[in-house]
Amino acid sequence: MNAISPTALQSLLLANPRLPLVDVRTPVEFAEVHVPAARNEPLDRFDPAQLFGPGGLPKDQPVYILCRSGARAAKAADKMVRAGLTNGVVVTGGTLAWQEAGLPVERGTVKVISLERQVRIVAGSLVVTGVVLAQLVNPWFIGLSAFVGAGLVFAGITDFCGMGLLLARLPWNSRKPS
């Protein structure tokens, strides 16, 4: 997988502001803060066939991909490779690294809870609920906590988080703020 640092990409954008830059975060995350030249194409709807179809992004030059920290951008680049496109370039560290480097961003008026924090909130709530129900209702409810714990281990090992994908589709994450 090809990668580029935020500062190196900024240098390229200063020379050519029309470089294709795709942000694969949710529309709400994008509305909160994003790189000015970026176009929002959420990962859950990221379809290389459509994105690079007629009138779309160029197939013969690099397409720069970023997200919050780099994980979703890497998944988008993998989708491109599976579609036979090798021109995806992941922006190392994503929007967080872009901001830490002091590079320009556009900020909206929307404040959001990041998808990562939402996963932690839901997972923690489910674990606590399972423990409480196991104590008060039926010991078998401890299985809920075990299931969530196993899911977190699986997500950590495989870098695939089903809960995150589900949360990304919820209304507050999937619609563009007005």
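Quick notes
- Qualifying residue in segment 112-120 (condition: modelled with pLDDT under 95, part of a strand (DSSP E or B) and under 30 Å from N2 (Cα atoms)): no
- Selected residue (criterion: surrounded by the fewest Cβ atoms within 10 Å (Cβ to Cβ)) from residues of segment 1-18 that are closer than 14 Å to L103 by Cβ and hydrophobic (A, V, I, L, M, F, W, C): L14
- Looking across segment 75-95 at every residue that is farther than 24 Å from P36 by Cβ and of a type in the set (D, E, K, R), the one that is surrounded by the most Cβ atoms within 10 Å (Cβ to Cβ) is identified as K79.
- One residue stands out among those in segment 33-74 that are aromatic (F, W, Y) and touching a Leu at 6+ places or on another chain (Cβ under 9 Å): the one that is modelled with the lowest pLDDT, which is F52.
- Only one of the listed residues (R45, R39, R72) is among the basic types (K, R), surrounded by 17 or more Cβ atoms within 10 Å (Cβ to Cβ) and either in contact with a strand residue (DSSP E or B) (Cβ under 6 Å, 6 or more places away or on another chain) or not assigned by TED's automatic domain parsing to the domain that holds A168 (or both). That residue is R72.
- Going through (1) touching a strand residue (DSSP E or B) at 6+ places or on another chain (Cβ under 6 Å); (2) in contact (Cβ under 8 Å) with a residue 60 or more places away in the chain one by one, V110 falls short only on (1).
The values are calculated or read from the model by the stated rules, or taken from the named source; none is laboratory data. Please read these numbers as outputs of a predicted model, since none were measured by experiment. Because the Cβ atoms are built from the backbone with ideal geometry, glycine has one as well, and the counts that use them run over all protein chains shown.
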